[in-house]
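For reference, the structure is listed below as structure tokens.
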Amino acid sequence: MKPLQKIGMQKGWIYEVIVSTYGGDEPHSAPMGVWTDDFDALNVEIYTEGATLKNIMELQEFAVNLVNDVTVFYDSLFDRESVEYRDSPNIRAPILLKAPAVIEARLTGLEKRGGRFRVECLPVHIEANGPVNLINRAKATAIESLILATRLPYLGREKVRDALRENHRVVKKVAPGSEYERIVEKLVAAQHGLAADERSG
């Protein structure tokens, strides 16, 4: 079993992480989504204007912090002075002190796609200090969809249908082929069936 499999990654699933880099001597971090297509390389799409991309292109290395504390995501966006780091022993990148697991990565490829770059990297080292809890949006979105489907009498069919379709789009993107995708797809189909019954009745 390959290291990315050992920490629980699925092919094509997008996981929410915090990428940390150095800009000069200053540590920088930003939430992003990463995925693997083959369990060897990691991929991430980054906006061209961002500091993270500039730092990665300059140093060719970065850390992927596997964090499950939502407050750390908030701090990396809106309270950056409170984020604490330590140096990586293997690459030129800072690591979040509160990250229970981290993937130290080295750049292997860049591909421009519109206003973004697709960044490909290879893990240099994976450090896990306890169980790794990867964040994927599909589970929460599927639960939200189930709750939403019960709100039909109060919100109205059109609002529920549109929200479920958007949720299905998100789940299909972040967890393709998953049970979460099948659940939300069934909810969308049920709404379509109800609408068809109403038209025929």
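The values are calculated or read from the model by the stated rules, or taken from the named source; none is laboratory data. Everything numeric here is computed off the predicted structure, so don't read it as measured data. Heads up, the Cβs are rebuilt from the backbone with ideal geometry, glycines too, and the neighbour counts pull from every protein chain shown. To get the accessible areas, we keep the full protein, side chains included, count just its heavy atoms, and leave off ligands, DNA and RNA. Shrake-Rupley method; radii C 1.70, N 1.55, O 1.52, S 1.80 Å.
Key figures
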read-out: For region 25-144: rounded, prolate or oblate by the Cα gyration tensor [a/c cutoff 1.5]; value: rounded
read-out: Relative contact order for region 43-111, counting Cα pairs under 8 Å that sit 6 or more residues apart, in percent; value: 37 percent
read-out: Fraction of alpha-carbon pairs over 26 Å apart in the chain - percent; value: 41 percent
read-out: Accessible-area value, Y15, 1.4 Å probe, nucleic acids and ligands omitted, Å²; value: 10 Å²
read-out: Region 68-114 shape via C-alpha gyration tensor axes, a/c threshold 1.5; value: oblate
read-out: Debye, to nearest 20: dipole size of the chain, +1 on Lys, Arg Cβ, -1 on Asp, Glu Cβ; value: 820 debye
read-out: Highest to lowest packing among 115-126, 59-70, scored as the average C-beta count within 10 Å; value: 59-70, 115-126
read-out: Label-to-label distance, nm, for residues given as R118 and K11 (7 Å Cα→Cβ offset); value: 1.6 nm
read-out: Region 23-177: relative contact order as a whole-number percent, Cα under 8 Å and 6+ apart; value: 21 percent
read-out: Among E179, E45, E81: highest mean-square fluctuation, GNM of the chain, C-alpha pairs under 10 Å; value: E81
read-out: Entries in K2/K54; K112/K172; K6/K186; K11/K186; K11/K172 that, when Cα-Cα distance is taken, lie over 20 Å; value: K2/K54; K112/K172; K6/K186; K11/K186
read-out: log10 of Debye I(q)/I(0), alpha-carbon scatterers only, for region 105-167 at 0.16, 0.30 Å⁻¹; value: -0.77, -1.15
read-out: The chain - accessible surface per residue (Å², probe 1.4 Å); value: 55 Å²
read-out: Ranked order, F78, F39 - accessible area, probe 1.4 Å, largest first; value: F78, F39
